[in-house]
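**Q** Provided herewith is a single structure, encoded as structure tokens, for subsequent inquiry.
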Amino acid sequence: MRILHISAECYPAAKAGGLGDVVGALPKYQKDAAVVIPKYHTKWIQSQSFEEVFRGHVRIHQGSVSFTIQKLLSVTLGFDLYVVDIPTKYDRPGVYLDINGYGFGDEIERSLSFQQAVLQWVQKFDQKPAVLHCHDHHTGLVPFLINHCPEFESLKNTPTVFTIHNGEYHGAFSWQKLFLLPYFKSEARGILDWKNTINPLAAAIKCAWKVTTVSPNYMKELTQSANGLEWLLRGEYSKSQGILNGIDNQVWDPKKDPLLSVHLKKSIPKFKEANKKILQDRFDIAKGLPIFTFIGRLAREKGADLLPEMINHFLANGRKAAFIILGTGNKNLMNRLERMKHHYRPYVDVALEYNEGLAHQLYAGSDFILMPSRVEPCGLNQLYAMRYGSVPIVRKIGGLADTVPDIGGEDGYGFNFTHFSKEDAALALFRAADFHNDQKSFKALQKKIMSLDFSWEKSAETYENLYSEIIR
Ligand code: GLC
């Protein structure tokens, strides 16, 4: 194998967010790439067969944790998938959270055992991968371990790439937990440290040969706002690059998507109308209005808390539209949205759940997709939305600014707002609703966004160029 992606998520085996989508798609577009993730007890993993390829154990403090590396037997993914089976650590259904929605108490032991297991296995390869490509803080210690643990010295010349999908989470923990780490050269202590904690994200940014993030604009933003790592990112800027994510056009294909009951044939308006009708039947919303939809985690980062206010502001101005919200997350917000549904019937309806199939249906049947994010490294929902003919209304930040230029400018095709305020967001809604009134222009816009190409090919080529700078 040439490229080994090391990650906590990979669709369809284990997905909690966009990281899973990216790691499940990018390798398909790369020559000889494989993925390794922990062996969770997700439904998908449990429905598959694996073959053991390596066996070992990791020392964590005074204990020894046994693991096996197993290869997926099915070849349908388009790349080789390996899972690290670490009984007692990862044999749970949730990727990060238990069934009550709480984080696991042994996250540090989990990620340390996973990362070391992977390195032990890779060390034994006759031919080492050309690049170890790590994703987010869960795998952030890999470049450090390679550089500073005698145990993994044989990997010292193996180039590493570290991709930041989300700079808000660092995986940082207290120095009191130092005893959980394997032996490393004491002079490397400072490399683990950021603001008096052991910070895996910071260590990765320091140690990886190349650092990337998932859009050029987010790369710039990180130097200004990275939850405390701004200085570090400024310092390491010369080895860093923003590479826009793509989407998997095989999964997101309006002509074939098995999660849609009506597919795109020749006519886009017919496709949109039929799918909109399905939403109008399923949800309690008035007909004859544009549908504005939010899909995603009900989290601060995604700006979900702005939804009630922006919708209030819009409706209180005497305007009419149908709003649908799909997602789970913050409990208070869920309660608030549930109340809004009753208060604003038939203009607001919600599905407070995680539902991949319904998400696809919403992309196909909506007129607009709302993304009021506070932070958005790349954002994939706007890309899925456009592929299915829903116009994105986005806050102009991160990857949203890179992928959705405002319709007011040259070649623009979406609606932007800048300030995180109900007034600014509602203004974008007003503009969008007005635009929707002119059906001829709106249909032309739908046609345009559906023809845009956000497939992985281009990004995969950019990654390839980056690898070639470090492959010997
Ligand atoms: C994270 C980011 C999102 C990005 C995704 C994949 O989920 O929040 O913006 O698209 O990772 O890189």
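**Q** LYS156 versus (1) open to solvent by 20 Å² or more (accessible area, probe 1.4 Å); (2) within 16 Å of the ligand (Cβ to nearest atom); (3) of a type outside the set (Asp, Glu): which is the lone unmet condition?
**A** (2)
**Q** Being within 16 Å of the ligand (Cβ to nearest atom) and under 22 Å from LEU244 (Cβ atoms) is the filter here, so list the residues in the range 159-179 that pass it. Can you show your working first?
**A** First, the residues of the range 159-179 that are within 16 Å of the ligand (Cβ to nearest atom): 161-171.
Answer for the range 159-179, where residues must be within 16 Å of the ligand (Cβ to nearest atom) and under 22 Å from LEU244 (Cβ atoms): VAL161, PHE162, THR163, ILE164, HIS165, ASN166, GLY167, GLU168, TYR169.
**Q** Of the residues LEU222, LEU233, which is more than 15 Å from the ligand (Cβ to nearest atom), buried (at least 22 other Cβ atoms within 10 Å of the Cβ) and not assigned by TED's automatic domain parsing to the domain that holds ALA385?
**A** Step by step, each of LEU222, LEU233 is checked, and only LEU233 is more than 15 Å from the ligand (Cβ to nearest atom), buried (at least 22 other Cβ atoms within 10 Å of the Cβ) and not assigned by TED's automatic domain parsing to the domain that holds ALA385.
**Q** So which residues in the range 354-380 are within 16 Å of the ligand (Cβ to nearest atom) and aliphatic (A, V, I, L, M)? Working first, answer last.
**A** First, the residues of the range 354-380 that are within 16 Å of the ligand (Cβ to nearest atom): 354, 356, 359, 363, 369-380.
Matches in the range 354-380: ALA359, ILE369, LEU370, MET371, VAL375, LEU380.
**Q** Restrict the check to the range 399-417 and report whether at least one residue is over 17 Å from the mean Cα position of the chain (by Cα), among the hydrophobic types (A, V, I, L, M, F, W, C) and within 16 Å of the ligand (Cβ to nearest atom).
**A** Yes - at least one qualifying residue is present in the range 399-417.
**Q** Exactly one of (1) open to solvent by less than 20 Å² (accessible area, probe 1.4 Å); (2) out of contact with any strand residue (DSSP E or B) (no Cβ under 7 Å at 6 or more places or on another chain); (3) among the small types (Gly, Ala, Ser) is unmet by SER215. Its number?
**A** Going through the list (1) open to solvent by less than 20 Å² (accessible area, probe 1.4 Å); (2) out of contact with any strand residue (DSSP E or B) (no Cβ under 7 Å at 6 or more places or on another chain); (3) among the small types (Gly, Ala, Ser), SER215 breaks only (2).
**Q** Only one of these conditions is not met by ALA428: (1) in a loop (DSSP other than H, G, I, E, B); (2) open to solvent by less than 20 Å² (accessible area, probe 1.4 Å). Which number is it?
**A** (1) is the only condition that ALA428 fails.
**Q** Tell me, which strands (runs of 3 or more DSSP E) wholly within the range 1-93 include 1 or more residues that are within 16 Å of the ligand (Cβ to nearest atom) and touching a residue at least 40 places away in the same chain (Cβ under 8 Å)?
**A** Working: elements: 3-6, 33-38, 50-60, 63-72, 80-85.
Counting at least 1 such residues, we get 3-6, 33-38.
**Q** Also: Report the residue count in the range 301-322 for those that are under 22 Å from CYS378 (Cβ atoms) and either assigned to a helix (DSSP H, G or I) or modelled with pLDDT under 95 (or both).
**A** 3
**Q** Kindly establish whether ARG387 is within 16 Å of the ligand (Cβ to nearest atom), of a type outside the set (Val, Ile, Thr) and not assigned by TED's automatic domain parsing to the domain that holds GLU168.
**A** Considered against the rule, which asks whether it is within 16 Å of the ligand (Cβ to nearest atom), of a type outside the set (Val, Ile, Thr) and not assigned by TED's automatic domain parsing to the domain that holds GLU168, ARG387 comes out as yes.
**Q** From the list PRO200, PRO143, PRO182, which one is touching a residue at least 40 places away in the same chain (Cβ under 8 Å), buried (at least 22 other Cβ atoms within 10 Å of the Cβ), over 18 Å from LEU4 (Cβ atoms) and away from the ligand (no atom under 16 Å from the Cβ)?
**A** Numbers: PRO143 fails: over 18 Å from LEU4 (Cβ atoms); PRO182 fails: buried (at least 22 other Cβ atoms within 10 Å of the Cβ).
None of the others qualify; the one that does is PRO200.
Per-residue answers, yes or no, for (1) more than 22 Å from the chain's Cα centre (by Cα); (2) in a helix (DSSP H, G or I):
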{"position": "GLY105", "(1), (2)": "yes, no"}
{"position": "GLN115", "(1), (2)": "no, yes"}
{"position": "VAL122", "(1), (2)": "yes, yes"}
{"position": "LYS128", "(1), (2)": "yes, no"}
{"position": "HIS133", "(1), (2)": "no, no"}
{"position": "PRO143", "(1), (2)": "no, yes"}
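The values are calculated or read from the model by the stated rules, or taken from the named source; none is laboratory data. All figures in this text were calculated on a predicted structure; none of them were measured in a lab. Every residue, glycine as well, gets a Cβ built from its backbone with ideal geometry; the counts of neighbours run over all protein chains shown. When the accessible area is computed, the model is the full protein with side chains, heavy atoms only, and any ligands, DNA or RNA have been set aside. Shrake-Rupley method; radii C 1.70, N 1.55, O 1.52, S 1.80 Å.
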